[in-house]
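**Student:** If you scroll down you'll find the structure; I have some questions about it.
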Amino acid sequence: MKKVLITTLLFVGLLAVASANAAPRLTVPVSEFDFGYVPQNSNVSHTFWLHSTGDDTLRILNVKPG
Amino acid sequence: MLAVGDSTRLEIIFSTKRYTNRITKRPRIETNEGPPDKNVTIISQVVRRPDSTYPVIVKPYKLDVSQFGEKVRDEMKFTLTNVSETNLTVTLVDEPYGYATVQLPEVIEAGKSAEGIIHLNADALDQSFEKSFTFELDDEQTSRFTVPVKRTVRKPPASAAQTTGQ
């Protein structure tokens, strides 16, 4: 009975440690795009893929123009 | 919010305004991952006279596929003129995802013109938008060109159409 209790406590402890170390991570596989020649006074756009590759939920809080 | 293993798209819109020459922008993505924030980088060569580029001239250099009225406008042709002395292979690099598909000539012979066409997707016909597509050439500089695509939709109200019909 004691062995079961100790094993359970160890398991719960490990889970707690793992949860405390969980971290979100953003991966942008292709992070650069070259438009080449673009006319003045126009709007052009490109779509980047963002991946959540950490072990916790990733929150995108803001995108600031560079 | 992105669950572990999920993906999403981030659209960056670049307004060229009255910039000239090479422009680089690095929008910053702020997340709960914490600092340092990650960046994406966009590079462009803004041209004041897009009707005299080299080795290709795109006409028109901005595509306006606007629709004013009931008649559906879902495609537009454009011309690529090779002003160099060698044949050029054309590769589509980027197109307006979900809005349109672009067909380009495979090769443009030296000194000749070839036609391209943009087809709007059925889902995009009721929408006004500003997007673009990008193609690349196989010249020494592997030159790239981005063509802006704009659509404005204005249809007469249903009641007005009925009145006109009577």
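**Student:** Between residues in segment B:56-79 that are within 24 Å of A:GLN40 (Cα to Cα) and residues that are assigned to a loop (DSSP other than H, G, I, E, B) and among the small types (Gly, Ala, Ser), which pairs lie under 6 Å by C-beta distance while being six or more apart or on different chains?
**Tutor:** Between residues of segment B:56-79 that are within 24 Å of A:GLN40 (Cα to Cα) and residues that are assigned to a loop (DSSP other than H, G, I, E, B) and among the small types (Gly, Ala, Ser), the close pairs are B:LYS62/A:SER42.
**Student:** If I ask for residues that are among the aromatic types (Phe, Trp, Tyr) and part of a strand (DSSP E or B), which ones from segment B:8-24 would you list?
**Tutor:** B:PHE14
**Student:** Out of the residues in segment B:137-159 that are farther than 30 Å from B:ARG22 by Cα and basic (Lys, Arg), state the one that is nearest to the chain's Cα centre (by Cα).
**Tutor:** Only one residue fits best here, namely B:ARG154.
**Student:** Now, a different point. For segment B:43-75, give me each residue that is of a type in the set (A, V, I, L, M) and part of a strand (DSSP E or B).
**Tutor:** Result: B:ILE43, B:VAL46, B:VAL47, B:VAL56, B:ILE57, B:VAL58, B:LEU63.
**Student:** Look through segment B:98-115, keep the residues that are in a strand (DSSP E or B) and of a type outside the set (Val, Ile, Thr), and return whichever of them is farthest from B:THR152 (Cα to Cα).
**Tutor:** Only one residue tops the list, namely B:SER113.
**Student:** With respect to B:GLN67, determine if the residue is within 18 Å of the chain's Cα centre (by Cα) and under 16 Å from B:SER143 (Cβ atoms).
**Tutor:** No.
Residue-by-condition table, conditions (1) within 21 Å of the chain's Cα centre (by Cα); (2) assigned to a helix (DSSP H, G or I); (3) modelled with pLDDT of 95 or more; (4) closer than 21 Å to B:VAL40 by Cβ:
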residue: A:LEU10; (1), (2), (3), (4): no, yes, no, no
residue: A:GLY13; (1), (2), (3), (4): no, yes, no, no
residue: A:SER19; (1), (2), (3), (4): yes, yes, no, no
residue: A:PRO24; (1), (2), (3), (4): yes, no, yes, yes
residue: A:VAL30; (1), (2), (3), (4): yes, no, yes, yes
residue: A:GLY36; (1), (2), (3), (4): no, no, yes, yes
residue: A:PHE48; (1), (2), (3), (4): yes, no, yes, yes
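Results for (1) under 23 Å from B:ILE12 (Cα atoms); (2) assigned to a strand (DSSP E or B), shown as yes or no for each residue.
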residue: B:LEU80; (1), (2): no, yes
residue: B:PRO96; (1), (2): yes, no
residue: B:ILE117; (1), (2): no, yes
residue: B:LYS131; (1), (2): yes, yes
residue: B:GLU136; (1), (2): yes, yes
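So that you can scan it fast, the table gives a plain yes or no per residue for (1) modelled with pLDDT of 95 or more; (2) in contact with a Pro (Cβ under 8 Å, 6 or more places away or on another chain); (3) under 15 Å from A:LEU61 (Cα atoms); (4) facing chain A (nearest Cβ under 7 Å):
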position: B:MET1; (1), (2), (3), (4): no, no, yes, yes
position: B:SER7; (1), (2), (3), (4): yes, no, no, yes
position: B:LYS25; (1), (2), (3), (4): yes, yes, no, yes
position: B:ILE29; (1), (2), (3), (4): yes, no, yes, yes
position: B:GLY34; (1), (2), (3), (4): no, no, yes, no
position: B:VAL40; (1), (2), (3), (4): yes, yes, no, yes
position: B:TYR54; (1), (2), (3), (4): yes, no, no, no
position: B:LYS59; (1), (2), (3), (4): yes, no, no, no
position: B:GLN67; (1), (2), (3), (4): no, no, no, no
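**Student:** Let me ask something else. Which numbered condition in (1) part of a loop (DSSP other than H, G, I, E, B); (2) under 16 Å from A:TYR37 (Cβ atoms) is the only one that B:VAL147 fails?
**Tutor:** With respect to (1) part of a loop (DSSP other than H, G, I, E, B); (2) under 16 Å from A:TYR37 (Cβ atoms), B:VAL147 is out only on (1).
The values are calculated or read from the model by the stated rules, or taken from the named source; none is laboratory data. Only a predicted model underlies this, so the values are computations on that prediction, with no experimental measurement involved. All Cβ positions, glycine included, derive from the backbone under ideal geometry; neighbour counts span all protein chains shown.
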